[in-house]
Amino acid sequence: MSAYLEVAGVNQNFGGLQALNDCGFTIQEGHVTCLVGPNGAGKTTIFNVITGFLRPDTGSVSFRGRRLDGLSPQAIVREGIARSFQNLRLFADLTALDNVMVALPGAFGEDPLGALFRPLHTARVEQRRRAEAMERLAHVGLAERAKDRVRNLSYGEQKLLTVARLLATGAELLLLDEPASGLAAGALDQVMALLRRLRDEGKTLLVVEHNTRVVQQIADQVLFLHQGHLMAEGTPQQIIADPALAEIYFGGAL
Ligand SMILES: Nc1ncnc2c1ncn2[C@@H]1O[C@H](COP(=O)(O)OP(=O)(O)O)[C@@H](O)[C@H]1O
Ligand SMILES: [Mg+2]
């Protein structure tokens with residue numbers, strides 16, 4: 001039986017800097033897997049490789065037994081994998097609802113002449129898409145903010161909105177890059193509860209996370225990346241209790 005997601009032998013060099021060094025791991029369907037490791041360990045880089053934003057020097061990525069490496073980011077979303085960005089990448093001047101609508105499948109694929117010759121049909125399609133985007137917003141608790149511009153949302157609400165966008169793609173495997181960073185306690189709890197709920201609803205999550213409290217509360221499995229290589233994996237308890245890993249992670253600060 002093939003792994004759900006399998007990364008194998010990935011090397012990525014940036015002008016002499018080995019960002020990924022024979023990086024390999026698997027993740028299991030239905031799990032929340034947390035990817036941890038010090039700054040610069042290569043966490044975002046491996047996200048870029050999995051989602052087709054980077055073509056690695058060597059190595060492979062397989063999803064449900066199918067090779068993904070070489071596919072475009074759009075094609076990988078169609079395969080069922082979507083990711084969020086550390087710096088959110090929302091449209092600040094658009095409403096929350098419009099930010100979700102552009103992530104729905106086929107947002108840019110409509111026949112432009114259709115709107116001229118089949119106005120009623122086009123209006124109905126538009127209405128359906130709007131309703132679908134509203135559902136995704138409600139799913140993350142943002143229904144009441146639908147008409148507000150992103151620049152007027154709190155940082156926590158913007159983080160939730162990035163998750164609504166991921167859901168809009170219809171992907172089953174969601175990659176989240178630091179979804180809880182920079183959040184105060186209340187918003188943090190909201191994001192954690194949402195991630196657990198998505199797992200319970202059948203999504204699989206791969207989450208880059210620094211906060212050990214968050215990792216302990218949401219992770220089924222933890223991958224520890226160090227200098228571009230998988231250094232350890234285990235349950236949150238195993239990883240957090242390992243003094244050698246704590247030394248690398250916190251420089252002995254704990
Ligand atoms: N596009 C790039 N060009 C050059 N160096 C990069 C690029 N992306 C990442 N790096 C470098 O690769 C290393 C790993 O970066 P990154 O994956 O962002 O780490 P993390 O997300 O774990 O903090 C860092 O040293 C970073 O500076
Ligand atoms: Mg990063």
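For segment 34-135, give me every one of the helices (runs of 4 or more DSSP H) that falls completely inside it and has 2 or more residues that are within 30 Å of residue 210 (Cβ to Cβ). Walk me through it before giving the result.
Details: elements: 43-50, 73-79, 96-101, 114-117.
Fully inside segment 34-135 and qualifying: 43-50, 73-79, 96-101.
With respect to the conditions (1) modelled with pLDDT of 95 or more; (2) surrounded by fewer than 16 Cβ atoms within 10 Å (Cβ to Cβ), residue 225 falls short on a single one, namely (2).
Out of all the residues in segment 193-217, which are in a loop (DSSP other than H, G, I, E, B) and farther than 13 Å from residue 163 by Cα?
Applying the first criterion (in a loop (DSSP other than H, G, I, E, B)) to segment 193-217 yields 201-203, 209-211.
Result: 201, 202, 209, 210, 211.
For residue 136, the conditions (1) touching a residue at least 12 places away in the same chain (Cβ under 8 Å); (2) under 23 Å from residue 223 (Cβ atoms) all hold with the exception of (2).
The residues of segment 26-54 that are more than 25 Å from residue 72 (Cβ to Cβ) and either within 14 Å of ligand 2 (Cβ to nearest atom) or in contact with a Pro (Cβ under 6 Å, 6 or more places away or on another chain) (or both), listed by number, are 34, 36, 37, 38, 39, 40, 41.
Per-residue answers, yes or no, for (1) modelled with pLDDT of 95 or more; (2) buried (at least 19 other Cβ atoms within 10 Å of the Cβ):
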residue: 142; (1), (2): yes, yes
residue: 146; (1), (2): yes, no
residue: 161; (1), (2): yes, yes
residue: 168; (1), (2): yes, yes
residue: 175; (1), (2): yes, yes
residue: 186; (1), (2): no, no
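For segment 191-208, the criterion of a residue being farther than 20 Å from residue 27 by Cβ, of a type in the set (Ser, Thr, Tyr) and crowded, with 18+ Cβ neighbours inside 10 Å is satisfied by no position. In the set (1) within 16 Å of ligand 2 (Cβ to nearest atom); (2) modelled with pLDDT of 95 or more; (3) part of a loop (DSSP other than H, G, I, E, B), the condition left unmet by residue 23 is number (3). Within segment 62-98, the set of residues being within 16 Å of ligand 2 (Cβ to nearest atom), at negative phi and touching a Ser or Thr at 6+ places or on another chain (Cβ under 8 Å) comprises 83, 84, 85, 86.
Does segment 87-105 include one or more residues that are among the hydroxyl-bearing types (Ser, Thr, Tyr) and under 16 Å from residue 172 (Cα atoms)? It would help to see each step written out before you state the result.
Going residue by residue through segment 87-105, those that are among the hydroxyl-bearing types (Ser, Thr, Tyr) are 95.
Keeping just the survivors that are under 16 Å from residue 172 (Cα atoms) gives none.
Checked segment 87-105: no residue is among the hydroxyl-bearing types (Ser, Thr, Tyr) and under 16 Å from residue 172 (Cα atoms).
Filter segment 42-80 down to the residues that are away from ligand 1 (no atom under 15 Å from the Cβ), among the polar types (S, T, N, Q) and surrounded by 15 or more Cβ atoms within 10 Å (Cβ to Cβ) and list them by number. Those that are away from ligand 1 (no atom under 15 Å from the Cβ), among the polar types (S, T, N, Q) and surrounded by 15 or more Cβ atoms within 10 Å (Cβ to Cβ): 60, 62. Of all residues in segment 8-24, exactly one satisfies the criterion of being on the phi > 0 side of the Ramachandran plot and surrounded by 14 or more Cβ atoms within 10 Å (Cβ to Cβ), namely 22.
A search for C-beta distances below 7 Å between a residue of segment 32-46 that is touching a residue at least 24 places away in the same chain (Cβ under 8 Å) and closer than 17 Å to residue 221 by Cα and any residue that is near ligand 1 (Cβ under 6 Å from one of its atoms) and assigned to a helix (DSSP H, G or I), counting only pairs 6+ apart in sequence or on different chains, returns 35/43; 37/43.
Set side by side, the residues 227, 217, 237 differ, and just one is under 20 Å from the mean Cα position of the chain (by Cα) and of a type in the set (S, T, N, Q), which is 217.
How many residues are away from ligand 1 (no atom under 15 Å from the Cβ), modelled with pLDDT of 95 or more and over 21 Å from residue 199 (Cα atoms) if we restrict to segment 1-20?
Our first condition is that a residue be away from ligand 1 (no atom under 15 Å from the Cβ); within segment 1-20, this holds for 1-6, 8-9.
Pick out the ones that are also modelled with pLDDT of 95 or more and you get 4-6, 8-9.
Narrowing further to those that are over 21 Å from residue 199 (Cα atoms): 8-9.
Matching residues across segment 1-20 total 2.
Per the listing 52, 59, the residue uniquely on the phi > 0 side of the Ramachandran plot, at pLDDT 95 or above and either under 18 Å from the mean Cα position of the chain (by Cα) or hydrophobic (A, V, I, L, M, F, W, C) (or both) is 52. Taken as a whole, the condition of being assigned to a helix (DSSP H, G or I), closer than 27 Å to residue 242 by Cβ and in contact (Cβ under 8 Å) with a residue 12 or more places away in the chain does not apply to residue 190.
The values are calculated or read from the model by the stated rules, or taken from the named source; none is laboratory data. In this text the structure is predicted, and so the values were computed from the model without any measurement. Virtual Cβ from ideal backbone geometry, glycine too; neighbours counted across all protein chains shown.
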